[in-house]
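Below is one structure; the comments refer to it alone.
The values are calculated or read from the model by the stated rules, or taken from the named source; none is laboratory data. Here the structure is a predicted model, which means the values were calculated and not measured. Ideal geometry is used to build each Cβ from the backbone, glycine not excepted, and the neighbour counts take in all protein chains shown. Just the protein is used for accessible areas: all its heavy atoms, side chains included, with ligands, DNA and RNA removed. Shrake-Rupley method; radii C 1.70, N 1.55, O 1.52, S 1.80 Å.
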Amino acid sequence: MEWPIYLDYAATTPMDPRVAVVLGQCLGRDGLFGNPSSSTHILGRAAARAVESARNHVAALVGVDPREIVWTSGATEANNLALFGVMRAYVRKGRHLVTSQTEHKAVLDVCRRLEREGCAVTYLASEPDGLISPERVAAALRPDTVLVSLMHVNNETGVVQDLAAIGALTRARGVLLHVDTAQGAGKLPLDLRTLPVDLLSLSAHKLYGPKGVGALYVRQRPNRVRLEPLLYGGGQERGLRAGTLPTHQIAAMGEAFRIAGEDMAAEQARIRALRDRLWQGLATVGEIALNGHPERNVAGILNVSFAGITAEALLAALPEIAVATGSACTSAGNEPSHVLRAMGRDDFQARGAIRFSLGRFTTGEEIDYTVEAVRAAVNRLRDLSPLWELRRRGLDPEVDWAAT
Ligand SMILES: *Cc1c(COP(=O)(O)O)cnc(C)c1O
């Protein structure tokens, strides 16, 4: 086994070696180093071909026209471009936006900024299982609603939203739908030929590509979505995102998305079997609770709360395992996860939550080691825990730990 055991694929993934090869081919004097906008010579044109080939791979994975893909520096920028871009372009239609309390900060922080610019934002609550009910979305729509922004797969819990139902109603009401699928693309089938999504944020580094590159899909048909750009400059990407295209990043993202499309079903089945093995192993620890939906989830994410202990203490006891409390972005602060709080978990449950995320290079051996190490650490910590002692004596604060 390689150490530490990496179970934090939802924070980022290592690059697939095949992707690293493609990236390396775009850097040096003997490679595709030309500026893709330099159409006057063969080096520029070769780089442009690599960029367009990557655009085809990314577009194919989600069933869109390559001309609808805009390269960005990642899903964060794609979310910023989608939300600022649409709200600024449609001011005459209205200034209301609907999102949920369980979104990634790369949507929530943009919404806070839009509020300061005069937009009204509705933050929908989630059900206890993490789902955003289409009925609540419908009820939040107003005559001045321009945009609904909801994520496809939650990065902390793995919960998968019902995009078909939500898209059907936004389309019927003439409201645009933006979806952040940084955690879903390449893991779940996604076909925008049939799914009524208008803008889609993508990231390479959650799918075995490099960090610092992503894309925004912007629908052109049946109705063209208008966007106000964030960056002005050389007019690249049809004026929607100026800046010299990073050929190495883009070609690598294309290769990562091509590989993901190749055997998504088989890979996800393998990862789901490992996740089930992890969950069944952890269940023998006793008094654990699943944070998420029992069926509507992505294969690679398992979020579990352990009664009577804090996640920080558990992580400190397991330095050989790389896992997360909440998301990478929120675990920097010491706040309990805003996602788990929005799902109605109390402070104790939220502070006892660990996110295990599995991926392409996870092995059964690693899962078996993890189960045993977690079991031993939880038992040790519970023996020392005053909370656990209270609980044993039936005096614990009102925590409803789902039996396993
Ligand atoms: C990782 C992530 C992001 C940020 O993507 P970057 O490419 O790192 O900017 C946004 N949304 C979700 C759901 C994510 O998981």
**OP:** Could you check, for region 327-336, whether at least one of its residues is buried (at least 19 other Cβ atoms within 10 Å of the Cβ), more than 16 Å from the ligand (Cβ to nearest atom) and modelled with pLDDT under 95?
**Re:** yes
**OP:** Return the pairs, sorted by first residue and then second, in which the second residue is open to solvent by less than 50 Å² (accessible area, probe 1.4 Å) and of a type in the set (Lys, Arg), the first residue lies in region 280-298 and is closer than 29 Å to Leu190 by Cβ, the beta carbons are less than 9 Å apart, and the residues are 6+ apart or on different chains.
**Re:** Asn291/Arg345; Asn291/Arg355; Asn297/Arg275; Val298/Lys187
**OP:** Quick one: Arg116 ticks every box in (1) open to solvent by less than 30 Å² (accessible area, probe 1.4 Å); (2) of a type outside the set (Ser, Thr, Tyr); (3) free of Cβ contacts under 8 Å to residues at least 24 places away in the same chain except a single one, so which number is it?
**Re:** (1)
Subject >> Any chance Arg18 is touching an Asp or Glu at 6+ places or on another chain (Cβ under 7 Å), open to solvent by 80 Å² or more (accessible area, probe 1.4 Å) and more than 16 Å from the ligand (Cβ to nearest atom) >> reply: yes
Original post:
Does Asn80 satisfy the criteria of being within 16 Å of the ligand (Cβ to nearest atom), closer than 22 Å to Tyr217 by Cα and open to solvent by 10 Å² or more (accessible area, probe 1.4 Å)?
Top reply: yes
Subject >> Matching option when the condition is without any contact (Cβ under 8 Å) to a residue 40 or more places away in the chain, outside any strand (DSSP E or B) and farther than 27 Å from Ala260 by Cα, among Asp30, Asp129 >> reply: Asp30
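Results for (1) open to solvent by less than 30 Å² (accessible area, probe 1.4 Å); (2) touching a His at 6+ places or on another chain (Cβ under 9 Å); (3) away from the ligand (no atom under 16 Å from the Cβ); (4) on the phi > 0 side of the Ramachandran plot, shown as yes or no for each residue.
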position: Ala47; (1), (2), (3), (4): yes, no, yes, no
position: Val51; (1), (2), (3), (4): yes, no, yes, no
position: Asn56; (1), (2), (3), (4): no, no, yes, no
position: Ala75; (1), (2), (3), (4): yes, yes, no, no
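Yes/no matrix, rows are residues, columns are (1) in contact with a Ser or Thr (Cβ under 9 Å, 6 or more places away or on another chain); (2) within 13 Å of the ligand (Cβ to nearest atom); (3) of a type in the set (A, V, I, L, M); (4) more than 23 Å from Thr325 (Cβ to Cβ):
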| position | (1), (2), (3), (4) |
| --- | --- |
| Met151 | yes, yes, yes, no |
| Val160 | no, yes, yes, no |
| Leu169 | no, no, yes, yes |
| Leu176 | yes, no, yes, yes |
| Val179 | yes, yes, yes, yes |
| Ala185 | yes, yes, yes, yes |
| Leu190 | yes, no, yes, yes |
| Leu199 | yes, no, yes, yes |
| Leu202 | yes, yes, yes, yes |
Original post:
What pairs come up if the first residue lies in region 95-111 and is among the small types (Gly, Ala, Ser), the second is part of a strand (DSSP E or B) and open to solvent by 10 Å² or more (accessible area, probe 1.4 Å), and their beta carbons are under 6 Å apart, counting only those six or more places apart or on different chains?
Top reply: Ser100/Leu124
Subject >> Qualifying positions in region 132-153 - under 19 Å from Leu200 (Cα atoms) and either at pLDDT below 95 or not polar (S, T, N, Q) (or both) >> reply: Ile132, Pro134, Val137, Val146, Leu147, Val148, Leu150, Met151, His152, Val153
**OP:** Pairs only if they're at least six apart or on different chains, beta carbon under 7 angstrom, first in region 346-363 and in contact (Cβ under 8 Å) with a residue 12 or more places away in the chain, second charged (D, E, K, R) and open to solvent by 10 Å² or more (accessible area, probe 1.4 Å); list them, first residue then second.
**Re:** Ala350/Arg341; Ser357/Asp8; Leu358/Arg275; Arg360/Glu267
